[in-house]
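Have a look at the structure below before the remarks.
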Amino acid sequence: MKIFKRIILGIIICIMIAGLVFVGNSYHVYKEALKQISLEEKVEMIQSKENYTQIEEMPKIYIDAVVSVEDHRFYKHGGIDIIALGRALVNDIKAMSFVEGGSTITQQLAKNIYFTQEKKISRKVAEAFMAFNIEKNYEKEEILELYLNTSYFGDGYYTVKEASKGYFNKEPNEMTDYEAILLAGIPNAPSVYAPTKNPDLAKKRQKQVMDKMIKNGVLTEEQANNILSQE
């Protein structure tokens, strides 16, 4: 029995050591990214982009749609959503594949500006370190604004202003509720949901966004039906 306990203890210690090494390596990836360019410099570069869209230029319903579908606890967490991560882990185990990441808007911003889209656990951990750094230095509205100016909307559009002008020939604050919610669903899979590529799939995604908004209490079913009638 003592030998068995020692074996179990040895396995636990090995796992802990391996975990610490893994986290240490991921932290190194995070620090190396900052060595290439600081967070402050990176943010300044983004804000200097042509067609950078300030959050005040975006319709409130667009912001509500993005937060509802991407990260409905955005204003409550500190960069990492433990509940979403747990759910994603369960779904990944069930699928025996990395099918869901549980990333917050802050993590997605970190990925957009520093890391690749590659689905690797080490990259996700480095992304988490960066997310904590972003949350420490920027307000929520700034983070959301930066995220929406580093997301890809399809057809070569990388800001809300570019996308609203390109898809609807309108300034962001001129979008209808229908257009704003349609736009909010595109970054999840731009090649699939861009209305110029797959209008039917774009509308299905729009309905998914509306369902999330209703679930999160920022839109009623009656309002959703009225918006759909704007088409």
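Here are a few things to note about the model shown:
- Per-residue HN-Hα couplings for segment 54-60 [Karplus 6.51, -1.76, 1.60; θ = phi - 60°; Hz; x = Gly/Pro]: 6, 5, 5, 7, 9, x, 4
- Spacing of the two label points (7 Å from each Cα toward its C-beta) at residue 132 and residue 176, in nm: 4.7 nm
- Label zone at residue 57 (point 7 Å along Cα-to-Cβ), backbone N below 18 Å, segment 120-159: 141-154, 156-159
- Whole-Hz couplings from phi, Karplus 6.51/-1.76/1.60, listed for segment 211-217; x for Gly and Pro: 4, 5, 5, 5, 4, 8, x
- Cβ charges +1 (Lys, Arg) and -1 (Asp, Glu), total dipole of segment 127-220, debye: 440 debye
Coordinate-derived values only; no laboratory data. Just so it is clear, the model here is predicted, and its values are computed rather than measured. Cβ: placed from backbone, ideal geometry, glycine included. Neighbour counts: every protein chain shown.
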